[in-house]
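Inspection log for the structure reproduced underneath, given as structure tokens.
The values are calculated or read from the model by the stated rules, or taken from the named source; none is laboratory data. Keep in mind that this is a model prediction, so the values were computed, not measured. All Cβ positions, even for glycine, are placed from backbone atoms using ideal geometry, and neighbour counts span all protein chains on display. Accessible surface areas use protein heavy atoms only, side chains included; no ligands, DNA or RNA. Shrake-Rupley method; radii C 1.70, N 1.55, O 1.52, S 1.80 Å.
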Amino acid sequence: MIIKLISFIFVYSRFTSANNLYPNYHLSPDRGWMNDPNGFCFFNGVYHLFYQHNPYSSYGPGIVHWGHAVSTDFFHWKHLPVALNPDQWYDDGGVFSGSCLVDAGKMYLYYTGNVNHEGETPDHSQYQALATSDDGYNIAKYEMNPIINGSEFQPDLRDPKIWKHGDKYYMVLGNSFKGESNETLGRILLWESSDKINWEKASILLESDGRLGYMFECPDFFELDGHWVLLFSPQGVKPEGDKYKNLYQTGHIIGDFSYDTKTFTPLYEFQELDHGHDFYATQTTLDEYGSRIVIAWMDMWDQNYPEMDQGFAGQMTLARRLKLGKNGILLQKPVKDIDAARGRVLHTGLTRGGKVIKLVNNTAEIFIRSSPLQNLDVFIESEGNQVQISYNRQEGTITLDRGGKDAVRRTNWRPLGKLTWRLYIDSSSIELFCGNGEVTFSSRFFPTGPVSIRLGRQSIADNMTVRSMKQTVDISYPQPTAVETTTQSS
């Protein structure tokens, strides 16, 4: 009873606060901490999204669990009880990231079990483990876990992503290794299985030469529009001008892959998938129509954002449909189900500089169409707080400046034809989609009080439409403080 009362007070105070930072239509934990998306899948007519979760604190991942939410449209999310607890010898230091394989009417959840070794070197080891579910809600760990010990690849071997091809199953894993000069470098390993339980290393898909850092996290590997996409999050990449300015990066390499030789041949260099401050640990799935959908953690390590004081930390990006563009670029657009989150029109039509539109509940979808021959400035403002998004036609750049420390993110972009932007604002987040989705920015911001949109005084939009957005995430579920986990044989 005390737990339920605390949970009620926690939720009530958060959602009645004048400075509420909790999102309306992005998935965020009902309480506590959230980071990487896990187990993203479509199963029995429902989208399941698991995630790295600390149900006891919003101030850090702690000994991480798997949270769980479900939706039929990527927007109306319902929170469910914790799916996986760190309660076995091979995962008592955390149920780390993983993925879901739907096969023969059953859900197979693969994850990394982390074990801490306090006072030792190395101070942790990591094992690959399996859990299964017949209905997507009752989940049991495999009694013969771990399925991969990986003794020769320790201590960093994590984040399995699984798929099936023919009668074989494949897994990519992030790993670090010692290079020729004894430096630590990142790589992605490919594994193969005929039964989903017994795995053998098949090849090394990609290794860092130093430029891509010391560890590759959250690998994903899939075919898209005739080529293969290797999507991952390298750690330790050094900044180069406007590139790689976040603590850790997320990006992709487009190439070709042979199942016969198990080799990946890159066609383009590594490219960042998003250019904002807060985008990490992507995971993809196929939707019910066969389109490739990506989602990411819209946050970044070591930021300590003020939402923590409201009892939650972290949120997911919008679900985005991926297409292959030119020159190794991935095009990203919000899924069409975003119609379910749209509210009423607040403003539409020709808009001149200085126009101010007040938002409802600090949410909006903003569509802008403008001349590519003119600069464009959009301001997102609250009391004592401002974010500026600018297109500079002379330099061919887009800049997002959220103020404060480490304020600016910038990249090159020129529109093909009319300049078009789609902006999504949700309490404490901004997502910008440029043109056909060839450039995106995902950044958090933390307004004080009501938010408004203003067009820069020298700017003009041929059309600017501002809509409010609905509350679509179910916030009523009281997260339990403990969940019993069972084990079973295959």
Once all protein chains are kept in place, ASP287 shows an accessible area at probe 1.4 Å, nearest 10 Å², of 20
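From the helices alone, meaning DSSP H stretches of at least four residues, give me the mean residue ellipticity at 222 nm for the chain, per-run term -39500 (n - 2.57), in deg cm²/dmol to the nearest 500. Walk me through the numbers before you get to the answer.
Details: 1 runs with 15 residues, N = 490.
Taken over the chain, the calculation gives -1000 deg cm²/dmol.
If you stretched the chain out fully between ASP260 and THR184, how much longer would it get, using 0.36 nm times the residue separation minus the C-alpha to C-alpha distance?
Result for the pair: 24.4 nm of gain on full extension.
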Give the lysines whose C-alpha is closer than 24 Å to that of LYS238, dropping any in the same chain fewer than 8 places away, or say none. LYS178, LYS405
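Could you sort ARG414, ARG467 by accessible area so the largest value comes first, with the probe set to 1.4 Å?
Numbers: ARG414 130, ARG467 75 Å².
The ordering from most to least exposed comes out as ARG414, ARG467.
Under a 1.4 Å probe, what is the accessible area of the chain per residue, stated in Å²?
Details: 19790 Å² over 490 residues.
Heavy-atom accessible area per residue stands at 40 Å².
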Counting only the heavy atoms of the protein chains, how much of ASP156 is accessible to a 1.4 Å probe, in Å² to the nearest 10? 30
Describe numerically, in nm with one decimal, the distance between label points set 7 Å from Cα along Cα→Cβ at ASP209 and at TRP301. 2.5
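Can you give the FRET efficiency for GLN154 and LEU286, using 1/(1 + (r/R0)^6), R0 = 25 Å, r = Cβ-Cβ distance, to the nearest 0.05? Each step should come with its number before you reach the end.
Details: r = 33 Å, r/R0 = 1.30.
That pair, GLN154 with LEU286, gives E of 0.15.
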Inter-centroid distance (Cα atoms) of region 361-385 relative to region 218-253, Å: 28
Surface share of carbon and sulfur [accessible, 1.4 angstrom probe, percent] for the chain: 48
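Please give me the summed charge of the neighbours of THR363: other residues whose Cβ is under 13 Å from its Cβ, Lys and Arg +1, Asp and Glu -1.
Taking every Cβ under 13 Å from that of THR363, the sum is +2.
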Where Lys and Arg each count +1 and Asp and Glu each count -1, what net charge lies around GLU395 among other residues with Cβ under 13 Å from its Cβ? +2
Put HIS165, HIS252 in order of accessible area, largest first, probe 1.4 Å, and you get HIS165, HIS252
Given a cut-off of 25 Å, name the pairs among LYS161/LYS245; LYS164/LYS323; LYS168/LYS333; LYS78/LYS168; LYS262/LYS333 whose C-alpha atoms lie farther apart than that in the structure shown. LYS161/LYS245; LYS168/LYS333; LYS78/LYS168; LYS262/LYS333
Which of the cysteines found in the chain have nothing to pair with, since no other Cys Cβ lies under 4.7 Å from theirs? CYS218, CYS434
Can you give me the Cα centroid spacing of region 133-182 and region 455-475 in angstrom? 42
By a straight-distance test (C-alpha under 14 Å), which aspartates and glutamates pair with LYS355 as possible cross-link partners, with residues fewer than eight away in the same chain excluded? ASP377, GLU381, ASP462
Using a basic spin-label model with each label point 7 Å from the Cα along Cα→Cβ, how many nm lie between GLN386 and THR348? 3.0
Considering only DSSP beta bridges where both residues belong to the chain, give the percentage that are antiparallel (nearest 5). 95
